[in-house]
1. If Asn178 satisfies all but one of (1) surrounded by fewer than 22 Cβ atoms within 10 Å (Cβ to Cβ); (2) among the polar types (S, T, N, Q); (3) closer than 30 Å to Phe214 by Cα, what's the number of the condition it fails?
2. Quick one: how many residues across the stretch 63-72 are surrounded by 22 or more Cβ atoms within 10 Å (Cβ to Cβ) and either within 14 Å of the chain's Cα centre (by Cα) or not in a helix (DSSP H, G or I) (or both)?
3. So, of the residues in the stretch 21-59 that are in contact (Cβ under 8 Å) with a residue 12 or more places away in the chain and aromatic (Phe, Trp, Tyr), which turns out to be farthest from Leu146 (Cα to Cα)?
4. What helices (runs of 4 or more DSSP H) lie completely within the stretch 139-214 and have 2 or more residues being among the β-branched types (Val, Ile, Thr) and either under 25 Å from Val37 (Cα atoms) or more than 18 Å from the chain's Cα centre (by Cα) (or both)?
5. Taking the options Leu204, Leu151, name whichever one is farther than 29 Å from Trp121 by Cβ and either basic (Lys, Arg) or surrounded by fewer than 19 Cβ atoms within 10 Å (Cβ to Cβ) (or both).
6. Being over 17 Å from Leu140 (Cα atoms) and either in contact with a Lys or Arg (Cβ under 7 Å, 6 or more places away or on another chain) or buried (at least 20 other Cβ atoms within 10 Å of the Cβ) (or both) is the filter here; which residues of the stretch 48-62 pass it?
Amino acid sequence: MTETTMNVDEAAALRDLARGLDRARMAQIGGFHFALVMGALTLWGAAETWAQVSGWALAEFVAVANALVAGVVIVSTIHEWGHFAGARLSGSVSPVLEEPRQYFFMFDFQIDQNDTRQFAWMSWGGILTPWVAVVLAAMLVPLSTLSGAVLFATLFSKAVAVAIFEVPVVQRTAVSGNPGAELGKRAGEGGLPKSRKLGNYAGLACFALLLLIF
């Protein structure tokens, strides 16, 4: 066996090891996120049942609070996995982290090693997936209950906020070809707090509309 062959074999072994480690980290974080979402939904469901059975104001308050938490947890999780799915489908360099940062951030999209097409795929994955949660909630959540309306409005609010912040970055990147610079500009112009504020307004309007309808 020549030295060149050995180097090739060693490189292949290292790639296999890296892929295995990446899959293991993905499974670990996926399990954590699944438990997080299921826990939030279970707590909300239990509180909503308690509220319906007892009729207590305290139970209703707990159900509404848990609906808010569940909405944030669901959108934050599905938003990150949407980004990750888009990144992987585009073939980008996007290694999974050893452990999630701030509960939800789970991978490193390396801007300097990926092109604008891959950035667009990664971005649109995270922009669109929260709307999947909104559509599913419209079909599965009891919108006639107070906490159900709060859960749906929270999902809607977060989906709107994500779109308001990230869509301009994708559009500008398509022109400039510099995603890092466009992200910096968007953050520098106050895009994040503005998008959250507009998302909150949208959520409140959605909640008010649900109260009128049901």
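Read-outs: derived from the displayed coordinates by stated rules, not from any lab. Keep in mind the model is a prediction, meaning the values are calculated, not measured. Virtual Cβ from ideal backbone geometry, glycine too; neighbours counted across all protein chains shown.
1. That leaves (3) as the condition not met.
2. Applying the first criterion (surrounded by 22 or more Cβ atoms within 10 Å (Cβ to Cβ)) to the stretch 63-72 yields 63, 66-67, 70-71.
If we keep only those that are either within 14 Å of the chain's Cα centre (by Cα) or not in a helix (DSSP H, G or I) (or both) as well, we get 70-71.
The total comes to 2.
3. Applying the filter and picking the extreme gives Phe32.
4. On the way: elements: 146-176, 179-188, 191-213.
Qualifying helices (runs of 4 or more DSSP H): 146-176.
5. Values: Leu151 fails: either basic (Lys, Arg) or surrounded by fewer than 19 Cβ atoms within 10 Å (Cβ to Cβ) (or both).
Going through Leu204, Leu151 in turn, just one is farther than 29 Å from Trp121 by Cβ and either basic (Lys, Arg) or surrounded by fewer than 19 Cβ atoms within 10 Å (Cβ to Cβ) (or both): Leu204.
6. As a first pass, look at the stretch 48-62 and keep what is over 17 Å from Leu140 (Cα atoms): 50-62.
Result: Ala51, single match.
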